[in-house]
Amino acid sequence: QVQLVESGGGLVQAGGSLRLSCAASGSISSIHAMGWYRQAPGKQREVVATISSGSYTYYADAVKGRFTISRDNSKNTVYLQMHSLKPEDTAVYYCNLATTWGIYWGQGTQVTVSS
């Protein structure tokens, strides 16, 4: 059983910063990538950023230059540092873990950016 526990969401003013964390636990092996996705009300879930086992990173165009994804392999933890937040970044952010054996999701953490 794999569990992903997210933390760090909250309410912030436009221009502010937040740091999300996601810790994976359980029977984890052969990790291919970890990442963050988000879903705003009435919209489909979309990728925000991913980081592979080789530390290659991908960012959605909407967050390039503002968000940074990183991981601590020793802790099976992935982070998302978010700067210069905008109201359009408001969404539920989900952690994602891709392994040889399956894809796993966290429960989501709310990020709300006020204008």
Worksheet entry | Computed label-point distance, nm, for sites K75 and I28 using a 7 Å Cα→Cβ extension | 1.1
Response to the item:
Sparse-neighbourhood loop hits (trypsin sites (Lys or Arg not before Pro), region 44-98; DSSP loop; Cβ within 10 Å at most 16 others) -> R45, K64, R66
Worksheet item: Tell me, in nm to one decimal, what length is gained between Q107 and T57 on full extension, where the rule is 0.36 nm per residue of separation less the Cα-Cα distance?
Response: 15.7 nm
Worksheet item: Can you run phi through the Karplus equation (6.51, -1.76, 1.60; θ = phi - 60°) for region 9-24 and list ³J(HN,Hα) in whole Hz, with x for Gly and Pro?
Response: x, x, 9, 9, 7, 3, x, x, 10, 9, 10, 9, 10, 9, 9, 9
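We did not get these values from a lab; they are worked out from the coordinates using the rules stated. Being a predicted model, the structure only gives us computed values, none of them experimental. All Cβ positions, even for glycine, are placed from backbone atoms using ideal geometry, and neighbour counts span all protein chains on display.
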